[in-house]
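**Student:** I have a structure I would like to understand better, so I am pasting it below and will then ask my questions one at a time.
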Amino acid sequence: MSLERLLQIQSIDVEIKQLRHRKKTLEQRDLLADAHTERASKQEAIDEVAARRVEAASRQRRLEDEAQTVADKAAADEKRLYSGEVGGMKDLQALQNEIAHLKQRQESIEDDELEAMEQAEALRAEVEKMEAACADLDHRIDVLSREISEAEHDIDAKLSALEVQREEMVPEVSPSMLAEYEQLRPTFGSATVVRFDGKNCVGCPSMMPSMEVDRLKHAESGTLEHCSECGRMVVN
C-alpha cells in the first residue's frame with residue numbers, strides 16, 4: 001500500500017504542477033498584457049491630442065479677448081469722432097484712419113479666433129473618437145480580467161482538493177521513502193518513482209544492464225528498488 005500511495009502522490013504532484021503552470025500561463029494573461037499596452041498607448045495619444053485642444057481653446061479665448069479689446073477701442077474712438085470733442089480736419093482724419101485700422105485689426109483677429117475655434121472643435125471630436133475606442137478596449141480588459149479571475153478560481157479549487165487528497169495519503173507512506181522521493185523529485189520530476197517493466201527502468205534513458213535486470217526480476221514483488229543507471233526509485 002505504501003508504494004502504491006507513493007505512486008498516487010507522485011501522480012497528484014504532477015497534476016498540481018500542471019495546474020500551477022496552467023494558472024501561470026493562461027492565454028488570457030498575454031491578451032490582457034497586450035490590451036493594457038495598447039490602452040496605455042491610446043491614452044498617451046489621447047493626452048497629446050487633448051493638450052493640443054486645450055492649447056487651441058486657450059488661443060481662441062485669448063484672441064476673443066484681444067478682439068473685444070480692439071472693438072472696445074474702436075467704439076470709444078467712434079464715440080469721440082461724433083461727440084464733437086475732436087476739432088480740425090487733420091485730427092478727424094487721423095481718428096477715422098485709426099478707427100479703420102482697428103476694425104481691420106478686429107476682423108483679422110476674429111478670423112484667427114474662428115480658425116482656433118474650428119481647430120479646437122476638430123480636436124475635441126478626435127478626442128471623443130479615441131475615447132470611444134478606449135471604452136471598447138476597457139470593456140475587453142474587464143472581460144479578460146474576469147475570465148482570468150474565474151479560471152484562477154477554478155484552478156485554485158482543484159489545487160485545494162488535490163492538496164487535501166495528498167495530505168490524506170502522506171501518513172500511509174514511509175517517512176524515509178517520502179523524504180527520498182521529495183529529495184529526488186526536483187531532478188526526476190514526474191518520473192521520480194517508476195515501475196520495472198521486466199526489462200528496463202521505465203524512466204531510464206539507457207538500456208538497463210542484464211545483471212541489473214536479473215537483480216530486479218528476482219527482487220521481492222512490491223518492493224522499492226533503485227535503478228543503478230539513473231538513480232530513480234523503481235517499484236518492482
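Bear in mind that the values in this text are calculations on the coordinates, not laboratory data. On a predicted model such as this, the values are computed, not experimentally measured, just so you know.
**Student:** Taking every Cα atom in segment 1-107, find the radius of gyration and the maximum pairwise distance Dmax, and write them in Å.
**Tutor:** 38.8, 126
**Student:** Treating cross-link reach as a plain straight distance, find the lysines whose alpha-carbon is under 20 Å from the alpha-carbon of Lys24, omitting any fewer than eight places away in the same chain.
**Tutor:** Output for Lys24: Lys158.
**Student:** Mind listing the phi-derived Karplus ³J(HN,Hα) values for segment 96-107, rounded to whole Hz, using 6.51, -1.76 and 1.60 with θ = phi - 60°, and x for any glycine or proline?
**Tutor:** 4, 4, 5, 4, 4, 5, 5, 5, 5, 5, 4, 4
**Student:** Let me ask something else about it. Quote the relative contact order of the chain in percent (integer), defining contacts as alpha-carbon pairs under 8 Å separated by 6+ residues.
**Tutor:** For the chain, the relative contact order is 28 percent.
**Student:** Using a Gaussian network for the chain with springs between C-alpha atoms less than 10 Å apart, which of these wobbles most: Leu123, Leu137, Leu81?
**Tutor:** Leu81
**Student:** Give me the lysines in straight-line cross-link reach of Lys129: C-alpha distance below 22 Å, same-chain residues under 8 apart excluded.
**Tutor:** Lys42
**Student:** State the percent of C-alpha pairs, over all pairs in segment 22-172, separated by a distance greater than 20 angstrom.
**Tutor:** 71 percent
**Student:** Beyond 17 Å, what percent of the Cα pairs of segment 39-102 remain?
**Tutor:** 59 percent
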